[in-house]
1. Under a point spin-label approximation (7 Å from Cα along Cα-to-Cβ), what is the Ser206-Asn172 distance to one decimal in nm?
2. What is the order of Leu177, Leu182, fewest Cβ neighbours within 10 Å to most?
3. Taking the beta-carbon count within 10 Å as an exposure proxy, list Phe176, Phe63 from fewest neighbours to most.
4. Ranking request for peptides 94-103, 215-224: highest mean number of other beta-carbon atoms within 10 Å first, then the rest in descending order.
5. Could you tell me which of the pairs Lys161/Lys218; Lys122/Lys195; Lys114/Lys147; Lys191/Lys240 are separated by over 22 angstrom between their Cα atoms in the structure shown?
6. Mind sorting Ser206, Ser157 by how few other Cβ atoms lie within 10 Å of their own Cβ, fewest first?
7. Just name one of Val156, Thr140, Pro169: the one whose Cα is farthest towards the positive end of the charge dipole of segment 129-201 (beta-carbon charges, Lys/Arg +1, Asp/Glu -1).
8. With both partners inside segment 33-242, how many of the DSSP beta bridges are antiparallel, as a percent to the nearest 5?
Amino acid sequence: MKMQINTLLNISVLLNIFFISLTAFVIYKRGGVLYIYQKIDELIHNRHKYNASAYYHHKTSQFEILSHSNDNIIFLGDSLTDEGEWLELFNNPQIINRGIGGDTIEGVLNRIDKVLDSKPAKIFLMIGINDLAFQHKSLTEVLNLYKVLLTKIQVVSPQTKVIIQSLLPVNNDKSFLYDNALIMKFNSQLKELAKEFSHEYIDIFSCLSDNKNQLDQKYTLDGIHLNGQGYLKWKETIAKYMEND
C-alpha cells in the first residue's frame, strides 16, 4: 500500500513538472516576460474602458496623436504632475508632460505603451496617491502594481532612465485626504522598490513638509495640490536629475 502511494506521488510530481515545463515553453514561444505583461495590460485595459473619467479619455486621445522622440524627458503621473508647467519651469523643450488628473497606477499602465513608443531618455514618475486615498488599496496592492509598471518599462524600454519620486505629503488641517504616516511608510517601501530596479529615488515628501510632516501651508491652498512656490521647490529638488548623464 505504501509503495502504491509513493508511486502515485512520483507520478503526480512528474506530471506537475511536465505541465509547468509546457507552460514555460508556451510563454517563451509567445515572447516570454513581455507576453505576460501584455496579458496583464489587456486585463487592465478592459477594466479602464469602463471606469476611466472623461478627462482621462480626453487627455489620452490627445497623447495618441502627439509625437515625441528618444530625446524627450517625460513627466508621468496624476494631477500633481498634470498641473506642473514643467517645460517652462526648466526652460527645456525636450520635456513632455504626461500627467492626468485623477490617474492611478492602473491608469498609467493602460497608457504606458504610447509613452514608451519612442524609447524616451528619462521618465520622472510620481503616482499612487489616488490608489491609496480614493481606491482604498492597501500599501501592498499599490506596491505590487508599481512593480508591474516598472517591469513593463524595463522590458519595453530598458535604456530609459526612470526617476521615481516619492508621494507628497498632504495637509490634513486644510483637507483630510490620507494619513501622512501611511504615506511615509509607502515612500519607505517605494525607495526599496527603486533600489530593486536600480532606479533613482527622490524624496520630495521631506522637501515640501513642515515639522509635523504635513504639506507646508506655504506651498498649497487646498492641502493637496501645489501653488507656484510648491512647484518651484519641487523643481529645485529634482534639478540635478535633469542634467545629461
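Every number in this text was worked out from the coordinates using simple rules, so none of it is lab data. Predicted, not measured: the structure shown is a model, and the values here were computed from it. Positions of Cβ are generated from backbone atoms using ideal geometry, with glycine treated the same way; all protein chains shown enter the neighbour counts.
1. Taking the two extended label points, one gets 2.2 nm.
2. On the way: Leu177 20, Leu182 13.
The order, fewest Cβ neighbours first, is Leu182, Leu177.
3. Listed from fewest to most nearby Cβ atoms, that is Phe176, Phe63.
4. Listed from highest to lowest mean packing, they are 94-103, 215-224.
5. Going by Cα-Cα distance, Lys161/Lys218 fall outside the 22 Å limit.
6. Going from sparsest to densest Cβ surroundings: Ser206, Ser157.
7. Value computed over the given set: Val156.
8. 5
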